[in-house]
Amino acid sequence: MIDQEKIREAVKLLLQGIGEDINREGLTETPDRIARMYEEICGGVEEDVSEILSKTFEAENTEMVLEKDIVFYSMCEHHMLPFFGKVHIAYIPDGKVVGLSKLARCVEIYARRLQLQERFTRQIAGAVMEHLSPKGVMVLTEAEHMCMTMRGVKKPGSKTIAYAVKGVFEDNPALQQNFFKMLERG
């Protein structure tokens, strides 16, 4: 799905557009490097999260499971600049659990697409809810957006937080509070 030739041509046009000489020694291989980079960082478009989350295990546990501090890197669809941070996922099993690495892989698939943080957060929560059928899920993302730190308002270190709740988390403030308390623990 990723067309490296189109990316190479676009990069050449961009370099020329900013006044660069595309034949300059340091730039001759740049279009090819960027094409390979975009295949890597935007390859999540071609991946299906259902394959990752389909391998589950029976479990009697009905208490909250939290996987926190899952580091991610993504690209903002508005400026095509990186945003990065951490994802925290909690769910309450209803007879089955998934290997914890699968949650991190789910995050990775959605992060490797041009994204909005809010949609990214909802996609993760939706995928966990759809494929694990838990009693509920809560996802919180915190990220620094380079479109805010290196351009425009230029406020490095500022973070954006988004969260999504589904199932029993939606109408249960005590359960949500428990999630936040668990995040505070080392």
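The values are calculated or read from the model by the stated rules, or taken from the named source; none is laboratory data. Please read all numbers here as calculations on a predicted model, not as lab measurements. When we count neighbours, we look across all protein chains shown, and the Cβ atoms used for this are built from the backbone with ideal geometry, even at glycine. Side chains included, ligands, DNA and RNA excluded: accessible areas come from the protein's heavy atoms. Shrake-Rupley method; radii C 1.70, N 1.55, O 1.52, S 1.80 Å.
Loop only per DSSP, at most 12 neighbouring Cβ atoms within 10 Å: give me the GluC sites (Glu not before Pro) in segment 1-46, ordered by residue number.
Within segment 1-46, the qualifying GluC sites (Glu not before Pro) (loop, at most 12 other Cβ atoms within 10 Å) are GLU25, GLU29.
Which of the trypsin sites (Lys or Arg not before Pro) found in segment 5-92 are loop residues per DSSP with 13 or fewer other Cβ atoms within 10 Å of their Cβ?
Details: sites: LYS6, ARG8, LYS12, ARG24, ARG33, ARG36, LYS55, LYS68, LYS86; in loops: ARG24, LYS55.
Answer by residue number: ARG24, LYS55.
Rolling a 1.4 Å sphere over the protein heavy atoms, what is the accessible area per residue of segment 1-91, to the nearest Å²? Mind showing how you got there, number by number?
Details: 5800 Å² over 91 residues.
Here the per-residue accessible area is 64 Å².
Could you point to the label whose value was computed as mean projected area of the Cα convex hull in nm² for the structure here, given [x] 11.2; [y] 13.2; [z] 12.5?
[z]
Quick check: pseudo-label points 7 Å beyond the Cα along Cα→Cβ at LYS154 and LYS55, how many nm apart are they?
Result for the modelled spin labels: 4.8 nm.
Kindly work out what percent of the DSSP beta bridges joining two residues of segment 32-186 are antiparallel, to the nearest 5.
95 percent
For segment 109-186, what class follows from the C-alpha gyration tensor (a ≥ b ≥ c being the square roots of its eigenvalues): rounded when a/c is under 1.5, otherwise prolate if a/b is larger than b/c, else oblate?
The shape class here is oblate.
Out of the GluC sites (Glu not before Pro) in segment 81-181, which ones are loop residues according to DSSP with at most 14 other C-beta atoms within 10 Å?
Loop-located and lightly packed - GLU170.
Rg and Dmax of segment 11-84, using alpha carbons, in Å: what are they?
Every Cα atom of segment 11-84 included, Rg and Dmax give 20.1, 64 Å.
Per residue, how much accessible area does segment 97-171 show when a 1.4 Å probe rolls over the protein heavy atoms, in square angstrom?
46 Å²
Quick check: at a probe of 1.4 Å, how many percent of the accessible area of the chain sits on carbon and sulfur atoms?
Solvent-exposed carbon and sulfur of the chain make up 51 percent of the total.
From the phi angles alone, apply the Karplus equation (6.51, -1.76, 1.60; θ = phi - 60°) to segment 156-165 and give each ³J(HN,Hα) in whole Hz, x where the residue is Gly or Pro.
Per residue, the Karplus-derived 3J(HN,Hα) values read x, x, 6, 10, 10, 10, 9, 9, 9, 10 Hz.
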